[in-house]
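Input: a single structure, listed below in structure tokens.
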Amino acid sequence: MNNNQPDRHELFLIPEGMSKVSMTKDSKIPNAATFTILKEDHTLANLLRAQLLKNPKVLFAGYKIPHPLEHTFVLKIQTTFETNPLEVLLIEMQTIIRDIMDLNKKFQNQLTLHGLEGGEFGGSRMDF
Amino acid sequence: MNLGDAKGPQVTIRSIDHERKQLSFILWNCDLAVANALRRIMMAEVPTMAIDLVDIEQNSSVLVDEMLSHRLGLIPLTSTNIRDITYTRDCNCAEYCQNCSVVLTLNVRCDSDTNRDVTARDLISTNPNVTPYFSSEEDAGVVICKLRKGQEVRMRCIAKKGTSKEHAKWSPVAAVAFEYDPHNKLRHTTYWVETDALKEWPVGPNGAEEVAPGPDDPFDYKAKPEKFYFVVEGTGVMDPRDIVEKALMLVHAKVVFVVQDLQKLKW
């Protein structure tokens, strides 16, 4: 192709040598950091932001997508002194995981209630 | 339904309409972000099969090659066994192979005096799990093009696994209806009005699920949306309950993937 169309794989593939998540500590504000997450969009970003804000130890949580053509977002977190951004982020992500697993179980139960077995996946398979 | 004693997000299925491929459910006691993530994933990240490459051997129809390939791409292909197929980008093969693609052939020539419709029924798949979708035996199939006497189309179509954030042809859903706060108590939307919003904007069917605010009720600025009304309407390539299920697992996988990397970091 001799045009400037971005490659289709740019949506998914993390460039070689890069890590999905990276963290930069804020040099001026204590207990604050910026996380850069590659190849993700509002779906995950807003989910994390909303979950973080429920935690009383989180003083600030916000995200932005720096450029519409780059599939990346940055998440800024500031916490109280009791903890640190990395720790709360991990804790809150575990909460999301638990909630989603729970929701999946409830969805399966609802299907049974409606006289339907779960789909062929039984709601536990992790390969798509 | 009592919102008070429930822990974590809850789901209630309202109806399943197999004929119209619709699944209607309520997600409640849950955050707007969770509901929206689920909606976005159902629409954009649940993988399906769709024709992605077309080798045209002969095309004397009135449609140009590009037009035909585009139309072929949009034909829904059954994707219930999608996990048996890998993404081409993850496959070891050079270009495409059995593990990451399905070849469909289209070979039609019109020899009669009447026009011949080329439809999805004429597509012959090499994999019985990945065939064009038909709603019933009588369904004539999507019309791809029409041929006059002497015209011919002969092509090899390579269907690949993909997600609709790359191209909408891979979307497993025709639509995902999503509503919350049917009475607009939270004022997340502003109605355009001539004179009276209540008269000009009738409440939808979900309005019965929630108590309408009285005309003099004060605005609760702390209120949060907590009930989300979904109607997932599939294209037929996948059962709607599979779409929801897979979307849930995809949200899960997404978070797990980031957690794994995050655990390597040190504060």
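The values are calculated or read from the model by the stated rules, or taken from the named source; none is laboratory data. A quick note: this is a predicted structure, and the numbers were derived from the prediction, not measured. Ideal geometry is used to build each Cβ from the backbone, glycine not excepted, and the neighbour counts take in all protein chains shown.
Structural remarks
- Total residues in region A:61-81 satisfying the condition of being within 13 Å of chain B (Cβ to nearest Cβ) and not in a strand (DSSP E or B): the figure is 2.
- Region B:60-70, residues that are surrounded by fewer than 21 Cβ atoms within 10 Å (Cβ to Cβ) and closer than 25 Å to B:His167 by Cα: B:Leu63, B:Val64, B:Asp65, B:Glu66, B:Met67, B:Ser69, B:His70
- So B:Ile56, is it over 23 Å from B:Ile243 (Cβ atoms) and of a type outside the set (S, T, N, Q): yes
- Where A:Leu90 falls short, out of the listed (1) more than 8 Å from chain B (Cβ to nearest Cβ); (2) surrounded by fewer than 18 Cβ atoms within 10 Å (Cβ to Cβ); (3) touching a Leu at 6+ places or on another chain (Cβ under 9 Å); (4) assigned to a helix (DSSP H, G or I): (1)
- Residue within region B:247-255 that is part of a loop (DSSP other than H, G, I, E, B) and at negative phi present: no
- Taken over region B:122-163, residues that are crowded, with 17+ Cβ neighbours inside 10 Å and within 30 Å of A:Arg8 (Cβ to Cβ) amount to 22.
- B:Arg39 vs. criteria of a type in the set (Lys, Arg) and surrounded by 17 or more Cβ atoms within 10 Å (Cβ to Cβ): yes
- Criterion (surrounded by fewer than 17 Cβ atoms within 10 Å (Cβ to Cβ) and more than 19 Å from the chain's Cα centre (by Cα)) met by exactly one of B:Asn81, B:Asn115: B:Asn115
- Where B:Asn92 falls short, out of the listed (1) touching a strand residue (DSSP E or B) at 6+ places or on another chain (Cβ under 7 Å); (2) closer than 30 Å to A:Pro15 by Cα: (1)
- Of the residues making up region B:227-239, none is part of a helix (DSSP H, G or I), assigned by the TED database to the domain that holds B:Ala35 and either crowded, with 21+ Cβ neighbours inside 10 Å or at positive phi (or both).
- Residues that are within 22 Å of B:Ile13 (Cα to Cα) and more than 7 Å from chain B (Cβ to nearest Cβ) within region A:93-108 comprise A:Arg98, A:Lys105, A:Gln108, listed in sequence order.
- Some residue of region B:125-132 being more than 17 Å from B:Gly236 (Cα to Cα), without any contact (Cβ under 8 Å) to a residue 60 or more places away in the chain and either charged (D, E, K, R) or not in a strand (DSSP E or B) (or both): yes
- Single residue of B:Gly207, B:Gly236, B:Gly214 found to be touching a His at 6+ places or on another chain (Cβ under 9 Å), small (Gly, Ala, Ser) and more than 14 Å from chain A (Cβ to nearest Cβ): B:Gly207
- Screening A:Phe107 with (1) in contact with a strand residue (DSSP E or B) (Cβ under 6 Å, 6 or more places away or on another chain); (2) surrounded by fewer than 18 Cβ atoms within 10 Å (Cβ to Cβ) gives one miss only, at (2).
- Restricting attention to region A:12-24, the residues being at the interface with chain B (Cβ under 8 Å from one of its Cβ atoms) and not polar (S, T, N, Q) number 5.
- Residues in region A:28-47 that are in contact with a strand residue (DSSP E or B) (Cβ under 6 Å, 6 or more places away or on another chain) and assigned to a helix (DSSP H, G or I): A:Ala45 alone.
- None of A:Lys54, A:Lys64, A:Lys76 is loosely packed, with under 14 Cβ neighbours inside 10 Å and more than 20 Å from A:Ile14 (Cβ to Cβ) except A:Lys54.
- For the residues B:Asp220, B:Asp216, the requirement of being loosely packed, with under 10 Cβ neighbours inside 10 Å, over 23 Å from the mean Cα position of the chain (by Cα) and acidic (Asp, Glu) singles out B:Asp216.
- For region B:6-46, the set of residues classified as more than 9 Å from every other protein chain (Cβ to nearest Cβ), outside any loop (DSSP other than H, G, I, E, B) and out of contact with any strand residue (DSSP E or B) (no Cβ under 6 Å at 6 or more places or on another chain) consists of B:Asp17 only.
- Residues of region B:172-219 satisfying the condition of being farther than 20 Å from B:Trp28 by Cα, part of a helix (DSSP H, G or I) and not hydrophobic (A, V, I, L, M, F, W, C): B:Lys199, B:Glu200
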